[in-house]
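Here is the structure we will look at.
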Amino acid sequence: MIIPQFRDLWRFRAPLSADEIRRTERWLATARVALTIAAEVTLWMQPERGTAHSRWLYWLLTVYFVHAVVVMLLVRFRPQSTRAFRVVVHVADILWPVLIYLFATAQRGPFVLFFVFVLAAAAYRWGLWETVATALTAVVLLWAETWIVRSGWDWLALPRLGVSAHELDSQQLVLFSVYLLVLGFLLGYMSENQKKVRAERAVITRVLSSTRVEAGLTGTMQQILGEVMSIYGASRVLSASQEANSYRVFLAELTRGAVGAESLRWREALPDTEKAYLFDSPADAIYAIRNRDGFHTVFLQTDGTRLRDPGTGFLDALAQVEKFDKMVSLKLVFGSGWSGRVFIFDPALMGDPEEEMRFLLEFAQQVGPAIYNVYLMRRLRERAGALERARFARELHDGAIQSLIAVEMQLDVLRRQSGTQSPVVKTELGRIQKLLREEVLKLRELMQAMKSFEVDADRLLGFISDTVERFRRETGIAAEFVSEMERVDLAQKGCRELARIVQESLVNVRKHSGAHHVLVRLAQRAGNLQLTVEDDGKGFSFTGTLSGSELETSGKGPAVIRERVRLLAGELTIESTPGHGARLEVRIPPARKANHG
């Protein structure tokens, strides 16, 4: 596809289907016949003025009527209307008014409507420039016609046809030419803008129809950001979003490659760059282009009102983390759960900034809820999956686990009764009993992981205490929970993640440490919530203390716990002494205000 220099010259014009084109031609054909009949009736109702017209005018109108009827029949019965057919009909529509103008010497008023019709037909079929070209062609033909008449070509027998050079006044022709050009421009301009609106609706409809729950949030964002990149010819499109009850800022970036848009890439904004993306501004849409003095900007609110100088300090901060010469930013709010901004960097096909941003604001208002619906549907599916896993966990508890426990008890009885038998048999029974006990513990841990639980600040301490107590009963490892706090000031999502960290830590202790004692402590240190899990087991494969970033770089430590600590925007530290145990410490910062929204 050939990309024009400015998007306003085409406005990603929505292509008409073959059926729409055929319907358009049918409407024009009906209007052409009606216009010819109206002209005939006008002449018939003014018999006293009829002598002022050339008698050939009646024949011209009759032939034009036949032409209009033939075109109408062809349009109705042809299976499709080709471009060549439409062009030929349009050229004929230009020539007929020019001829009629020549013979309607005395009273041209009613016949001006033929020129209006051909200009309206061009505007209806195409757009601004085609309509202006039609008006210009008609003007050129009128002046050529006038020049021929005034040249006195007697062999044309113009006087016999009722055509007089005196009737072709130059001053009137100049005024009429100006009228035609102005009318052509106005009709074309209105048609172009109507087609822009139609094309915008088509883009929004296409994007909305492409959102699928099956594609997930990543696939939906890929489709929408890719559409925006294609429309504006941008080098990059970036979405920065933040969940209402989370501190993390997620960046979804789409970059133009050699053969089109590349795959969407998710990354997390660094803590010191979050405010550069989710800055505070009263403007919902921002356009900025770099110049010698800094930035030339345009700011709009949601209702399209332009703001005057609301401040541009945030642009300098953004320019430090993202390189650009031209940028469009749009505020997005996805329901009550998510908020953020979309950035279009270095768009190549920008028209009037205000018009572009008004379209983008409407685009966001229509597409934003669709994205949020995909997000909610995914969460609903996850919730349904959690309920199904909980049901399966209950089935495990009431079925397989109980059966395994019964078998393990029978083996224990059999092992005790086999004291007089071969030591080999007694040892083998003990090994099988141990394997069964281990499998029961694994199934219990799987069951706990599958359960969907809701833990808030009021129930967190009790939940951790019950978890540690259950761990002590089931494993025989001495475990203790100590809390220096009466209540935890943490959001429900944070409480759930902290409870999962405790569960995962105890599972790792049982599987890998060989410890005899475990201490779980919850305390408040320097304004941070601090969780500590200590054991006297084997420790990790390293000696010393490693921070979360060091664990991430080296790939050491439990990956699941590292990820959960990242979700809490916390800090993870592991101290290991091989052969003497390990100490896991999680520090969670106090609740802070979201960067945006």
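Just so you know, all these numbers are worked out from the coordinates, no wet-lab data involved. The structure presented is a predicted model; accordingly, all values stated were derived computationally and were not measured. Virtual Cβ from ideal backbone geometry, glycine too; neighbours counted across all protein chains shown.
At full extension, His512 and Asn193 could sit 107.9 nm farther apart than now, given 0.36 nm per residue minus the alpha carbon distance. Legend: ranking of residues His517, His90 from fewest to most surrounding C-beta atoms inside 10 Å; resulting order His517, His90.
What shape does region 454-597 take by its C-alpha gyration tensor, where a ≥ b ≥ c are the square roots of the eigenvalues and a/c under 1.5 counts as rounded, a/b above b/c as prolate, and the rest as oblate?
Values: a/c = 1.99, a/b = 1.23, b/c = 1.62.
It is oblate, given that a/c is not under 1.5 and a/b is not larger than b/c.
For Val174, Val213, the sequence from fewest to most other C-beta atoms within 10 Å is Val174, Val213.
Take the convex hull of the alpha carbons in region 513-597; its mean projected area over all directions comes to 6.4 nm². Per residue, the convex hull spanned by the Cα atoms of region 269-328 measures out at 84 cubic angstrom. Dividing the mean sequence gap of close Cα pairs (under 8 Å, 6+ apart) by how many residues region 454-597 holds gives a relative contact order of 23 percent. Which entries of Lys434/Lys493; Lys493/Lys538; Lys326/Lys493; Lys511/Lys556; Lys323/Lys493; Lys434/Lys556 have Cα-Cα distances beyond 28 Å here? Pairs exceeding 28 Å: Lys434/Lys493; Lys493/Lys538; Lys326/Lys493; Lys323/Lys493; Lys434/Lys556. Packing around the peptides 22-28, 236-242, 248-254, taken as the average count of other Cβ atoms within 10 Å per residue, puts them in this order, highest first: 236-242, 248-254, 22-28. Can you bin region 214-380 into rounded, prolate or oblate? Criterion: square roots of the alpha carbon gyration tensor eigenvalues sorted a ≥ b ≥ c, rounded for a/c under 1.5, prolate for a/b above b/c, oblate for the rest. Judged from the Cα gyration tensor, region 214-380 comes out rounded (a/c under 1.5). Report note on the peptides 478-491, 119-132: ranked by the mean count of other C-beta atoms within 10 Å, highest first, their order is 119-132, 478-491.
Starting with the fewest neighbours, write out Asp293, Asp458 ranked by other beta-carbon atoms found within 10 Å of each beta-carbon. Spell out each step's value before the answer.
Values: Asp293 6, Asp458 10.
The order, fewest Cβ neighbours first, is Asp293, Asp458.
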